[in-house]
Amino acid sequence: MFRDGQELQGGRYRIETILGRGGFGMTYKALHAEFNTHIVLKTPDPTLQNDPEYTSYVRKFRREGRLLTQLCQRCRHPHIVSVNDLFDEGNTPCLVMEFIPGENLFHLVRSRGKLPEAEAVQYIRQVASALDVVHREGIVHRDVHPGNIMLRSNSTGGNSVSAVLIDFGLAVEIVPISISSKLFGNPIFAPYELLNKKPGYSDPRVDIYTLAASLYYAVTGEYPTKAYDRRDGEELIPPQSHVASLSDELNRAIIAGMEFEAKKRPQSVSDWLALFPSQEDSEQVPARYQKLRDLLKAGKWKEADKETAKVMLQVAGREKEGWLDSDSIQNFPCEDLRAIDQLWVKYSNGRFGFSVQKRIWQEVGDVEDLETEHRLGDRLGWRVKDEWLNYNDLTFSLNAPLGHLPRGGGRWWVGGGWVVRAVYSVRRDIQIFFSRVETCKL
C-alpha cells in the first residue's frame, strides 16, 4: 500500500491520499509533478496478496490496464475517463487515469433528490454514447451504476455539467473468460446474469440493464427492485409509479432496458436510446441556428463548419472583418456559444464541439506559447508532421480526431496569409477563447 507523500517513478507522481477501494482495486489521488495536475492512480488491493487467486487478480488488472490504455489511444471520448499510463512500481502494476473533480450521479441524487427528466436523460445519453464506443471496441463495462458516473462540474445547471464514465474495474472483452472475481456488480443496479455469473454476464446487454437502472434512480430518487428479488417473483415497480409526471416513452424505455431476461432487452445501446422521447419534440433551437442544426443532423460537417463561422461573425458583428478579435471573443454571448457547442456535441455523439476542444487544450498545457499551440494542433489533427493542414485537407467525418471540428471555415486571417486556424487563430487569443468557454460553463 502506498503512503501519503510517497513518490513513484522517480518523483514523477506523488501520492496525496486514498480515494477508495472496491472489488480487488485500490485508488489514490496523486500529483503529476511535471504538469502540476492531479491524477487518479489505481492498483490491485495489496490486502489481497494472501488470497490464492491474487496472481490471477494481478494478471487480470494488467490485461485490463492494457485494454483501456489502447482504447483511449484509439478513441478518446469526452464521456470516458482518460487512461494515460500503465507502469510497474516494484511489483505493483499502476494505472494512471484522469482525475475528475466533482461529484458522482449517486451523490447528486442523494443530495438533490430526483432529477428533472431532461437533466437525467442528458447525463444518461452522454454515458450511452460512451458505451456505444466501448461496445464497438469489444468491451463491456459491467458496472455502470450511478457511483461510476462522474459529473465534471459541481454546478447543478444542466448546461454546465458533463457526465463521464469511470472505473472499468469489472470491464471485460466480449469473450468468455476464466478469471473469476470476488465481487460482480452492484446488487441494486446489476442484472441477475451478472450477479450470478450466468451465461451472458459479459454481454453488452448487461450495460443496458445497469444504465437503465441508473436512469431509474436518477428520475425517481428511488432504488429499482433488485434482480435477486425479481428472481423470487417480486415485480419491478414502474418508475412512473414513483413520478407520475414522467413521460410514457421514458417509463417504457427504462422498463425495456431492465427486462429480467437479457434476450428481451434492446440488443444495443442505440436500440435502447431509440425508445427515448424524441429530442426534436422538446428541442428549442433559435432561428439563427436552425440551419446549423439541420447541417449537423445530416452529417454535412464541412458545410456545418462554415455555417458556424458565419453565425459567429453575425453574433459578434464582425461580418465585414471576417474574423474575431480579442474583444469580440471576450464578450461573445455565453448563450450563443453554448447553443453552438451543444449542437456540435449532440450530433457528433460527443466527438466535436468547443467544450471538447477546451478539455484537450487543458490537457496539453493550458498556457500561451508556441509549443502548447502546436501540441493542440497535433491532438486535434490540425497539424501533421509539424505542418498546419490546408482547410480542404481536414477530415470532415466522424472518423476525425476528437475535437477536430468546428474549425471556423478556414477563413481566418493570420500573420499576413490565409492559413487554417480557428476563430481563436492568433496565439494570444487561444487562451482568451478557452477562458471564455470556461466562463460560459461549456
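Please work out which one of (1) closer than 30 Å to ALA128 by Cα; (2) more than 26 Å from the chain's Cα centre (by Cα); (3) touching a residue at least 12 places away in the same chain (Cβ under 8 Å) is the condition LEU296 fails and give its number.
Result: LEU296 fails condition (2) only.
Limited to the range 372-405, what total is found for residues that are among the acidic types (Asp, Glu), free of Cβ contacts under 8 Å to residues at least 40 places away in the same chain and within 18 Å of PHE434 (Cβ to Cβ)?
First pass over the range 372-405, keeping only residues among the acidic types (Asp, Glu): 373, 378, 386-387, 393.
Filter once more, keeping what is free of Cβ contacts under 8 Å to residues at least 40 places away in the same chain: 378, 386-387, 393.
Add one more test, that the residue is within 18 Å of PHE434 (Cβ to Cβ), and what stays is 378.
The number of residues fulfilling the criteria is 1.
Would you check if there is a residue in the range 320-343 being more than 26 Å from GLU119 (Cα to Cα), surrounded by 13 or more Cβ atoms within 10 Å (Cβ to Cβ) and in contact with a strand residue (DSSP E or B) (Cβ under 9 Å, 6 or more places away or on another chain)?
The answer is yes; a qualifying residue exists.
Would you call SER214 out of contact with any Gly (no Cβ under 7 Å at 6 or more places or on another chain), at negative phi, buried (at least 21 other Cβ atoms within 10 Å of the Cβ) and modelled with pLDDT of 95 or more?
Yes: the conditions hold for SER214.
Counting only residues that are in a helix (DSSP H, G or I), polar (S, T, N, Q) and under 17 Å from ARG407 (Cβ atoms), how many does the range 332-377 have?
2
Counting just the residues of the range 299-315 that are part of a helix (DSSP H, G or I) and among the small types (Gly, Ala, Ser), which one comes out farthest from the chain's Cα centre (by Cα)?
So the residue we want is ALA309.
Considering the range 306-329 alone, what residues qualify as being modelled with pLDDT of 90 or more and of a type outside the set (D, E, K, R)?
Within the range 306-329, the first condition is being modelled with pLDDT of 90 or more, and the residues that meet it are 306-317.
Once the filter is applied, which keeps residues that are modelled with pLDDT of 90 or more and of a type outside the set (D, E, K, R), the range 306-329 yields THR308, ALA309, VAL311, MET312, LEU313, GLN314, VAL315, ALA316, GLY317.
Taking the condition modelled with pLDDT under 85 and farther than 30 Å from SER245 by Cβ, does CYS75 pass?
Yes, satisfied.
Evaluate the range 382-399: report whether one residue or more is under 26 Å from VAL161 (Cβ atoms) and crowded, with 21+ Cβ neighbours inside 10 Å.
No, that holds for no residue.
Exactly one condition in (1) surrounded by fewer than 16 Cβ atoms within 10 Å (Cβ to Cβ); (2) part of a strand (DSSP E or B); (3) not hydroxyl-bearing (Ser, Thr, Tyr) is false for LYS42; which is it?
(1)
Tally time: how many residues in the range 55-82 are farther than 16 Å from MET26 by Cβ and in contact (Cβ under 8 Å) with a residue 40 or more places away in the chain?
So the answer is 14.
Mind checking which residues of the range 99-129 are more than 17 Å from ALA213 (Cβ to Cβ), small (Gly, Ala, Ser) and part of a helix (DSSP H, G or I)?
Matches in the range 99-129: SER111, ALA118, SER129.
Would you pick out the residues in the range 5-60 that are out of contact with any Ser or Thr (no Cβ under 6 Å at 6 or more places or on another chain) and among the charged types (D, E, K, R)? Give the derivation first.
Restricting attention to the range 5-60, the residues satisfying the condition of being out of contact with any Ser or Thr (no Cβ under 6 Å at 6 or more places or on another chain) are 5-18, 21-25, 27-28, 30-39, 41, 44-60.
Result: GLU7, ARG12, ARG14, GLU16, ARG21, GLU34, ASP45, ASP51, GLU53, ARG59, LYS60.
Quick check on this structure: which one of SER326, SER355 is touching a residue at least 60 places away in the same chain (Cβ under 8 Å), among the polar types (S, T, N, Q) and over 20 Å from THR395 (Cα atoms)?
Result: SER326 is the single residue among SER326, SER355 that is touching a residue at least 60 places away in the same chain (Cβ under 8 Å), among the polar types (S, T, N, Q) and over 20 Å from THR395 (Cα atoms).
Being at pLDDT below 75 and out of contact with any Phe, Trp or Tyr (no Cβ under 7 Å at 6 or more places or on another chain) is true for just one of ALA190, ALA171. Which residue is that?
ALA171
Take GLU319 and decide whether it is free of Cβ contacts under 8 Å to residues at least 40 places away in the same chain and part of a helix (DSSP H, G or I).
Numbers: free of Cβ contacts under 8 Å to residues at least 40 places away in the same chain: yes; part of a helix (DSSP H, G or I): no.
For GLU319, the condition - free of Cβ contacts under 8 Å to residues at least 40 places away in the same chain and part of a helix (DSSP H, G or I) - is not met.
The values are calculated or read from the model by the stated rules, or taken from the named source; none is laboratory data. Note that this is a predicted model, so its numbers are computed, not measured. Ideal geometry is used to build each Cβ from the backbone, glycine not excepted, and the neighbour counts take in all protein chains shown.
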